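J.: The structure follows.
The values are calculated or read from the model by the stated rules, or taken from the named source; none is laboratory data. Bear in mind the structure is a predicted one, so any value in this text is a computation, not a measurement. Every residue, glycine among them, receives a Cβ derived from its backbone with ideal geometry; neighbour counts consider all protein chains shown. Keep in mind that these areas ignore ligands, DNA and RNA; they rest on the heavy atoms of the full protein, side chains included. Shrake-Rupley method; radii C 1.70, N 1.55, O 1.52, S 1.80 Å.
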Amino acid sequence: MILLQDMTQTELTDYITANFDVKPYVAKQIFGWLVKNADFDDMNNLPKSLREQLKLQCVAVSAKIVRTLTSKLDGTQKFLFELNDGNVVEGVLMNYKYGNTLCVSSQVGCRMGCKFCASTLGGLVRNLSAGEMLGQVLAVNALGSGKRYVTNIVLMGSGEPLDNFDNVVKFLRLVSSPEGINISLRNVSLSTCGIVPNIRKLADMKLPVNLTLSLHNADNEQRKEIMPITKAYSVEDAVEACRYFFEKTGRRINIEYTLIDGQNDSYSHALKLASMLRGISVHVNIIALNPVMETGLKGTSERCLKQFLQYLEKLGVSATRRRTMGQDIEGACGQLRRRYLEGNNGN
Ligand code: SAH
């Protein structure tokens, strides 16, 4: 089955006019419906016979919201999206003063093996297509009135976006296309554990997204313990690739630093981090680990977190604490999907 949300307006027009006996304006009408996340039965300005023919060959909607949890603390919403093959991925919608940020998944599961992350526990199931990433945004947009409900996107859901490079780049093109939902890439962040060649490839494409490097430890030996990707690409190489990205795009780099109790939260860790980042235009986001039952790792205490921030301040590193949101709804990567799968298996 062909997923229509995978296509740009031009691709859709070519496909529809080549396969169905219709004029290009009909393809435009269909594209308008797809952006609204409508299914064929809702496309009421198309002849019924055409809709029936379309159903035989293609699919309109790629991600359906099958579960929603809303935080009582801050209104953050967590969604479970079901894809057409029955796989599920998660998304989180956070409300800020400036708009609504949706955290989108790029893969079902993940093969990066980070020790603290729930998404990787069952390994990689499969990559998401561009349309399946877009579909998450369209499904959430459809909850609001008008097409601008989601204003910002972070590729920080399950999966490693740079391990699904081509589909992610296509997604970036789809989501920012003026005929579609037209979200500026300046409002899109891509977070990576540090797949160096693909950071460089992305930089060469000069797509003005915000790049976030999940660093969590500036010492190679220690980082290898929690993030196996370090065995392939060192911290130095990852940071150098980020510098290259900044040179090519002019976009400041964000560093994600999750504090794990007793593992990466001492003064010497702050010192190492500061020296690693010297001379680069970066901002560090600090967050305490969101404990995942299966990992046995604990988040750093409130007191140590504040102290770590002070260390960085003294060392001249631009850093803020990232607000933890949705703590009561298993906000961290992959947790809800695991519960869902466990629940289904238990039935
Ligand atoms: N694979 C990409 C994007 C998905 S993870 C990456 O590594 O950046 C998104 C962010 O959530 C990463 O910074 C990741 O390290 C962090 N993360 C994963 N599990 C977490 C947890 N339990 N607590 C806090 N942060 C977590």
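J.: Expressed in nm to one decimal, what extension gain is obtained for the pair residue 87 and residue 205 from 0.36 nm per residue of sequence separation less their Cα-Cα distance? Walk me through the intermediate numbers first.
T.: Working: separation 118, 0.36 × 118 = 42.48 nm, distance 3.11 nm.
So the extension gain works out to 39.4 nm.
J.: Another question, if that's okay. Using a 1.4 angstrom probe and counting only protein chains, how large is the accessible area of residue 66 in Å², to 10?
T.: 60
J.: Under the 0.36 nm per residue contour assumption, what length would be gained going from the current alpha-carbon distance of residue 115 and residue 66 to full extension?
T.: 14.8 nm
J.: Still on this structure: On a full-extension model of 0.36 nm per residue, what is the gain between residue 97 and residue 328, subtracting their alpha-carbon distance, rounded to one decimal in nm?
T.: Roughly 81.1 nm would be gained on extension.
J.: Tell me which chymotrypsin sites (Phe, Trp or Tyr not before Pro) from the range 81-153 have a DSSP coil assignment and no more than 15 other beta carbons within 10 Å of their own. Please list the in-between numbers first.
T.: Details: sites: 81, 96, 98, 116, 149; in loops: 98, 116, 149.
Loop-located and lightly packed - 98.
J.: Same structure, new question: Which of the three applies to the range 206-282, rounded, prolate or oblate, going by the alpha-carbon gyration tensor with a ≥ b ≥ c and a/c under 1.5 meaning rounded? Each step should come with its number before you reach the end.
T.: Numbers: a/c = 2.08, a/b = 1.70, b/c = 1.22.
Verdict is prolate for the range 206-282.
J.: Check residue 154: other-chain or 5+ apart residues with amide H under 5 Å from its amide H, H built from backbone geometry?
T.: 102, 103, 104, 189
J.: Take the solvent-accessible surface of the protein heavy atoms, probe 1.4 Å, and return the percent of it on the range 2-59 that carbon and sulfur atoms account for.
T.: Ligands and nucleic acids excluded, carbon and sulfur give 52 percent.
J.: If I take R0 = 45 Å and measure r between the Cβ atoms of residue 14 and residue 278 in this structure, what FRET efficiency does the formula 1/(1 + (r/R0)^6) give, to the nearest 0.05?
T.: Computed FRET efficiency for residue 14 and residue 278: 0.35.
J.: For 205, 133, 293, what's the largest-to-smallest order of accessible area, 1.4 Å probe?
T.: Sorted by accessible area, descending: 293, 205, 133.
J.: Quick one: pull the percent of accessible area on the range 63-345 belonging to carbon and sulfur, 1.4 Å probe, ligands and nucleic acids left out.
T.: Here it works out to 48 percent.
J.: Shifting gears a bit: Pairs 36/97; 28/55; 115/298; 28/48; 36/64: which exceed 20 Å Cα-Cα?
T.: 36/97
J.: Need one value: the accessible area of residue 199 in square angstrom, 1.4 angstrom probe, rounded to the nearest 10.
T.: Roughly 0 Å² of residue 199 is accessible to a 1.4 Å probe.
J.: State the Cα centre-to-centre distance between the range 131-194 and the range 219-246 in whole Å.
T.: Centre-to-centre (Cα) distance: 25 Å.
J.: Next question, about the same structure. Which net charge results when you count Lys and Arg as +1 and Asp and Glu as -1 among the other residues whose beta-carbon is under 15 Å from that of residue 234?
T.: 0
J.: Just to verify a number: FRET efficiency for residue 177 and residue 74, C-beta to C-beta distance, R0 = 25 Å, to 0.05?
T.: 0.20
J.: Sticking with this structure for a sec: Got a sec? What order do 143, 69, 102 fall in by accessible area at 1.4 Å, biggest, i.e. largest, first?
T.: 143, 69, 102
J.: Tell me the label-point distance for the pair residue 268, residue 36, using the 7 Å Cα-to-Cβ offset, in nm and rounded to one decimal.
T.: 6.2
J.: Given charges of +1 on the Cβ of Lys and Arg and -1 on the Cβ of Asp and Glu, with all other atoms neutral, how large is the dipole of the chain about its Cα centre, in debye to the nearest 20?
T.: Dipole magnitude for the chain comes out near 800 debye.
J.: Can you give the local net charge around residue 280? Use residues other than it whose beta-carbon is closer than 11 angstrom to its beta-carbon, Lys and Arg +1, Asp and Glu -1.
T.: The answer is +1.
J.: In nm, to one decimal, how far is the residue 25 label point from the residue 45 one, both placed 7 Å along Cα→Cβ?
T.: The answer from the label model is 0.9 nm.
J.: Follow-up question, since we're still on this one. What do you reckon, how do 322, 252, 278 stack up by accessible area (1.4 Å probe), largest on top?
T.: Ranking 322, 252, 278 by accessible area, largest first, yields 278, 252, 322.
J.: The range 63-345: D in µm²/s via Stokes-Einstein (Kirkwood Rh, Cα pairs, 37 °C, 0.692 mPa s)? Don't skip to the answer; put the middle values down first.
T.: Values: Rh = 19.0 Å.
In µm²/s, the coefficient is 173.
J.: Looking at the P(r) of the range 2-59, how many percent of alpha-carbon pairs lie beyond 14 Å?
T.: Here the long-distance tail beyond 14 Å is 47 percent of all Cα pairs in the range 2-59.
J.: Residue 94: accessible area at probe 1.4 Å, nearest 10 Å²?
T.: Surface accessible to solvent at residue 94 totals approximately 30 Å².
J.: With just the Cα atoms defining each centre, how far is the range 273-329 from the range 29-105? Give it in Å.
T.: Computed from Cα coordinates, the inter-centre distance equals 33 Å.
J.: Probe of 1.4 angstrom, ligands and nucleic acids ignored: what's the accessible area per residue over the chain, in square angstrom?
T.: Value returned for the chain: 44 Å² of accessible area per residue.
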